[in-house]
Amino acid sequence: MRHFMPLTSLRLFLALWVLCRHWFYRYEGSGPLLEIGFSSTFFDHGYLGVDGFFVLSGFILAHNYDPSPGRKLDWSAFLVARIARIYPVYVVCLFVMAVAVIARDTVLQSDTLGSGRYSASGFFLEFFMLNAWRYAGAGGWNDVGWSVSAEWFAYVWFPIFLLVAPRLNRKRLFSMAVCMVAILATVELTSSDHLSLSGGLARLVPEFMLGVLLCRLRETLPNYQGARWGGLCSSGVCVIGVVLWADTIVVIGAAGLIFSLSYKKDALTDVLSLRALVFLGEVSYCIYIVQRIPQYLFKFARYRLPDLEAMPGVVQALLLFGLTLAAAIFLHFAIEKPMRAWINRRLRRNEREGSSKTSQVA
């Protein structure tokens, strides 16, 4: 499997963009978690980091797992590999959040358990990553986990995405990409708040498919070395989309950025290939999925420590980021990497045992 280091680093910035939304956005009925003295349209659009993840996921998975013509995808092995990648950290954070919610409900007697998003049926769906298998809806116990559930849908139906995507035909690829953008634009126009709707497949399906199409397009350009300024131009498109509050334009820019960074010639390649950024990009999934836990701990600490709440907002943001990063790195080394390695070893062992039994029967 080929490792695109700039795209790994890009995951870090997408995760941080989501954090900006959750920390600095003024939600209806309440202020932001952190007051830093100013607001930003860029912060408000942080939910689009998830859209970037969806496109990037489609591109990377198609590049790594799309079988050559005439061969078939080992779907079961693919699913096991994806479970090894996402599930251990996902389920640990889900249980920690559940314990925290139950403890809070018990201490404060807030009677939130069993109603709204904190229900037994909701926990069951989240545990099996089925809670986002719908058009859209409210979040759950660990609300940011909805996007992982949506990704799981893409993994289960990955062969269908590959089957539908044209191969080695640029006109058909372009036509289907236009269709995906049109679907996404329709979702945005019919939503009350652009693409910020969560908890479903409305964003995942067209964006993941767009990533698969980008990979197929790259196959049609075997000798293309990339444009020097493609990444910067695509980033400019993203900025224009943010300024215009046109989320679909941001997604188009993100798709162009992903495509450009997949080539070594892009001007951003050297910067995004720095070892520190690549490492943090590898930790980005843990940053994303664990974010609510340090956030709630920080809120509790501010409530109990007036001196902390009195600190400048920027200092509080740095402290919260340090807490989030520390939790993410711990999960990365204590849970994500060892469990992924263990599950993959078991998979390879079972494959060897299966092939051995088959040869003995033959």
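Here, each number is a calculation from the coordinates, and none is a lab measurement. Treat the numbers as computed from the prediction; the structure is a model and nothing was measured. We place every Cβ from the backbone using ideal geometry, glycine too, and count neighbours over all the protein chains shown.
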For the range 1-106, what is the convex hull volume of its Cα atoms per residue in Å³?
153 Å³
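Lys and Arg at +1, Asp and Glu at -1: add these up for the other residues within a Cβ distance under 15 Å of residue 338 and post the number. Provide the component values of the computation, followed by the final result.
Values: positive: 85, 337, 340, 345, 346; negative: 282, 336.
After counting each charged neighbour, the total is +3.
If you take the beta carbon distance between residue 171 and residue 68 as r and set R0 to 22 Å, what does 1/(1 + (r/R0)^6) give as a FRET efficiency, to the nearest 0.05?
Working from the Cβ atoms, E equals 0.50.
Can you list the trypsin sites (Lys or Arg not before Pro) in the range 90-161 that are in a DSSP coil and have 12 or fewer other beta carbons within 10 angstrom? Present the calculation step by step, with values, prior to reporting the outcome.
Working: sites: 104, 117, 134; in loops: 117, 134.
Passing both the DSSP loop test and the Cβ count: no residue.
For a Förster distance of 22 Å, can you work out the FRET efficiency between the beta-carbons of residue 95 and residue 297, rounded to the nearest 0.05?
Numbers: r = 16 Å, r/R0 = 0.72.
For residue 95 and residue 297, the calculated efficiency is 0.90.
In what sequence do 233, 20, 93 fall when counting other Cβ within 10 Å, fewest first?
Working: 233 15, 20 18, 93 25.
Taking fewest neighbouring Cβ atoms as first place, the list is 233, 20, 93.
Counting other beta carbons within 10 Å of each residue's own, what order do 203, 216, 71 fall into, fewest first? Present the calculation step by step, with values, prior to reporting the outcome.
On the way: 203 28, 216 24, 71 8.
Ascending Cβ contact count within 10 Å gives the list 71, 216, 203.
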Which of 288, 47, 118 has the fewest other C-beta atoms within 10 Å, and how do the rest follow up to the most?
118, 47, 288
Given the options 218, 170, 304, which has the most mean-square fluctuation in a GNM of the chain, springs set between C-alpha atoms less than 10 angstrom apart?
304
Here the equivalent ellipsoid of the range 197-329, derived from its Cα gyration tensor, has semi-axes (largest first, whole Å) of 35, 18, 15
Principal axis dimensions, largest first and in whole angstrom, of the chain by Cα:
66, 55, 41
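Among the helices of the chain (complete DSSP H runs), which have Cα atoms covering no less than 24 Å along the helix axis and a Kyte-Doolittle mean of at least 0.5? Intermediate values should be presented prior to the final figure.
On the way: long enough: 5-24 (29 Å, 1.08); 48-65 (25 Å, 1.17); 75-108 (47 Å, 1.64); 170-190 (30 Å, 1.16); 313-331 (27 Å, 2.29); 337-361 (36 Å, -1.68).
Those that pass (Cα extent of 24 Å or more, hydropathy at least 0.5) are 5-24, 48-65, 75-108, 170-190, 313-331.
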